[in-house]
Amino acid sequence: MGFLTEGFFSAIYLIFNLDYMVLSTAYTTIQVGFISTICASLIGLPIGFSLATFSFRGKKILVLLIQTLLGLPTVVIGLIVYGFLSKKGPLGFMDLLFTPSAIVIGLVILATPIVIVFSYTTIKTVDSRVRETAFSLGASELKAAWTVICEIRYEILAVILAAFSRVSSEIGIALMLGGNIKGFTRTLTTAIALESTKGEFAFGIALSIILLFIILIANLMSFVFRKL
Amino acid sequence: MQAVILFLVLIFFPISGVEAKRLKFATTTSIANSGILSPLLSAYKKKQEITVHAIITGTGKALELGKHGDVDLVLTHAPKLEHLFIKNKYGIDKKEIMFNYFLVAGPPSKKPLLKSEKVVDILKQIAKKKYSWISRGDNSGTHVKEIELWKNAKLNPLGKWYLSSGLGMGRSLIIAEEKNAFILSDRGTYLSFLHRNKINLRIVFGRKDKNLLNVYSVIQVNPIKHKNILYNEARKFSDFLLSNTAQCIIKKFKIKKVPLFYPVSLCTNNQSQGK
């Protein structure tokens with residue numbers, strides 16, 4: 001138990017002392033988390049929107065399949081992407097394995113189904129009346145879509161934040177595709193795993209407090225955004 | 001708005017400029033956990049321009065990464081797996097860098113109950129009394145050695161007392177500590193955990209028995225198998241590990257005045273770096 005309080009105090013110490021290794025690790029976490037969340041949102045939101053708005057054959061099966069993808073273990077995503085990025089794999093020539101870009105690719109695959117499923121369910125709840133009103137006021141298809149999105153922008157933001165929280169707290173992909181290289185691909189989660197293999201539980205707790213702190217700040221930023 | 005743009009530039013800028021040349025080097029958790037890696041890498045950094053990226057994993061997976069050509073060289077400690085790796089032409093130019101001895105550790109309360117001159121007899125006693133034993137079970141160098149020892153003892157460890165953790169050395173030691181079990185460990189990880197008060201296990205058998213010899217070797221990935229391998233850069237790094245500078249670092253690397261590794265060649269120049 002002692003390591004919990006010890007971890008709490010060393011987190012405060014690390015944050016205020018601006019420890020270089022911790023800062024670079026936190027930076028990598030924010031970097032890969034942010035980029036992958038943006039990419040996943042750019043891919044996922046239009047798909048979620050289309051699924052909620054248009055009806056076509058096989059839609060239910062498609063939604064079911066994407067919902068199933070939510071349960072994909074991160075290590076499996078890591079393995080699959082590893083197969084592609086390894087020197088022997090089809091994308092091996094790009095030399096992406098064990099770089100932050102490799103982590104981003106894996107995280108986009110992880111986050112996209114999350115964005116699709118949650119944006120789909122959110123948009124579905126408000127869709128019909130708002131869209132019909134927009135149409136009756138003479139809006140084009142695109143304009144109507146924009147109206148719907150504006151109507152639920154905070155919910156969409158919440159979806160994006162959920163995706164961000166998920167990718168920054170993920171470990172399997174970061175470990176497998178990043179390789180946990182010090183000062184390069186080491187993220188907070190892989191660092192926590194490493195510290196726990198070293199038996200440095202307090203330091204692991206300290207790092208996880210820093211991770212939660214980052215996610216807290218991301219959520220606070222959305223609060224500010226709402227006020228604007 | 002400017003703040004947002006600055007933030008985006010800061011986030012995206014470094015990812016576009018991935019270094020053109022970097023040496024990828026897979027090594028084992030026992031090396032990383034002991035702490036010997038940092039002084040070696042920083043000494044190399046002072047000398048050369050190429051960045052060395054160490055990927056830390058078990059010996060089995062390190063060799064697997066080499067097999068796929070995802071790393072340029074490996075530093076491992078499982079002679080049998082290494083032999084296969086070279087025999088199948090995945091690796092070349094094996095060089096022995098350093099060595100130490102494995103040890104058997106166990107709970108202090110049960111330690112006096114076991115006494116023998118030979119490590120196989122210790123294992124026989126543990127199996128006979130059904131004392132808990134933690135096996136790595138992860139195809140690591142230590143695990144391969146453990147299997148070899150049980151074979152030498154002509155025993156097939158099976159039963160509730162024999163637990164396979166599937167985890168790295170450090171975590172397995174912690175499990176052994178929590179479960180009051182015996183375990184085969186490399187000296188480096190054991191001492192580093194003992195001196196940081198993470199475990200209270202005592203050495204049950206710690207002699208320099210040739211059955212327990214633990215040799216760390218560096219092997220380069222065969223450039224014929226994978227044409228993207230940085231053969232010359234890897235060669236420079238492996239030569240460095242055998243150089244006087246690196247061998248002195250290994251010799252002088254100690255935890256509480258106890259050396260963790262023995263270099264293969266004598267460290268002749270005493271004024272070179274080291275703590």
- [ ] Return the percentage of antiparallel bridges among DSSP beta bridges fully within the protein assembly as shown, rounded to the nearest 5 %.
- [x] 60
Open item on the list: Please give me the summed charge of the neighbours of B:I55: other residues whose Cβ is under 12 Å from its Cβ, Lys and Arg +1, Asp and Glu -1.
Closed with: +2
Open item on the list: I need the helices of chain A that pass two filters: whole DSSP H segments spanning 18 Å or more by Cα along the axis, and mean Kyte-Doolittle score no lower than 0.5.
Closed with: A:2-17, A:20-53, A:100-136, A:153-168, A:201-227
- [ ] Please state, to two decimals, what the Cα-based radius of gyration of chain A comes to when divided by 2.2 N^0.38 Å (N = residues).
- [x] 1.17
Task: Quarter of the Cα convex hull surface for the protein assembly as shown, i.e. its orientation-mean projected area (nm²) - done: 29.0
Task: Under-5 Å amide H pairs with B:K110, H placed in peptide plane, nonlocal only - done: none
Task: Residue-wise HN-Hα coupling along the range B:79-89, computed from phi with Karplus coefficients 6.51, -1.76, 1.60 (Hz; x: Gly, Pro) - done: x, 5, 5, 5, 4, 4, 4, 6, 4, 7, 6
Task: Filtered GluC sites (Glu not before Pro), the range B:16-74: DSSP coil and at most 11 other beta carbons within 10 Å - done: B:E19, B:E49
TODO: Please turn the phi angles of the range B:22-38 into ³J(HN,Hα) values with the Karplus equation 6.51 cos²θ - 1.76 cosθ + 1.60 (θ = phi - 60°), one per residue in order, whole Hz, x for glycine and proline.
DONE: 8, 8, 9, 9, 9, 9, 9, 4, 4, 6, 5, 5, 6, x, 6, 5, 4
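Which value, in debye to the nearest 20, describes the size of the charge dipole of the range A:1-160 about its Cα centre when Lys and Arg Cβ atoms bear +1, Asp and Glu Cβ atoms bear -1, and nothing else is charged?
On the way: 10 positive and 8 negative charges, 130 e Å.
Rounded to the nearest 20 debye, it is 620 debye.
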Task: Interchain or long-range residues, amide H under 5 Å from A:E170's placed H - done: none
TODO: Give the long-range amide H neighbours of B:R202: residues separated by 5 or more places, or on another chain, with amide H under 5 Å away, using H modelled in the peptide plane at 1.01 Å from N.
DONE: B:G106
Open item on the list: What is the ratio of the Cα radius of gyration of the range B:137-275 to 2.2 N^0.38 Å, with N the residue count, to two decimals?
Closed with: 1.28
Task: Percentage of interatomic Cα-Cα distances in chain B larger than 23 Å - done: 57
TODO: Run the quick spin-label model on B:Q48 and A:S55: label points 7 Å from Cα toward the beta carbon, then report their separation in nm to one decimal.
DONE: 6.5
Task: Alpha-carbon Debye profile of the range B:101-212, log10 I(q)/I(0) at 0.19 Å⁻¹ - done: -0.93
Task: Mean-position separation - Cα centroids, the range B:36-59 and the range A:152-205, in angstrom - done: 24
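No lab work stands behind these numbers, since they all come straight from the coordinates. Because the structure is predicted, anything quoted here is derived from the model rather than measured. Here Cβ is always computed from backbone atoms with ideal geometry, including for glycine, and neighbour counts include all displayed protein chains.
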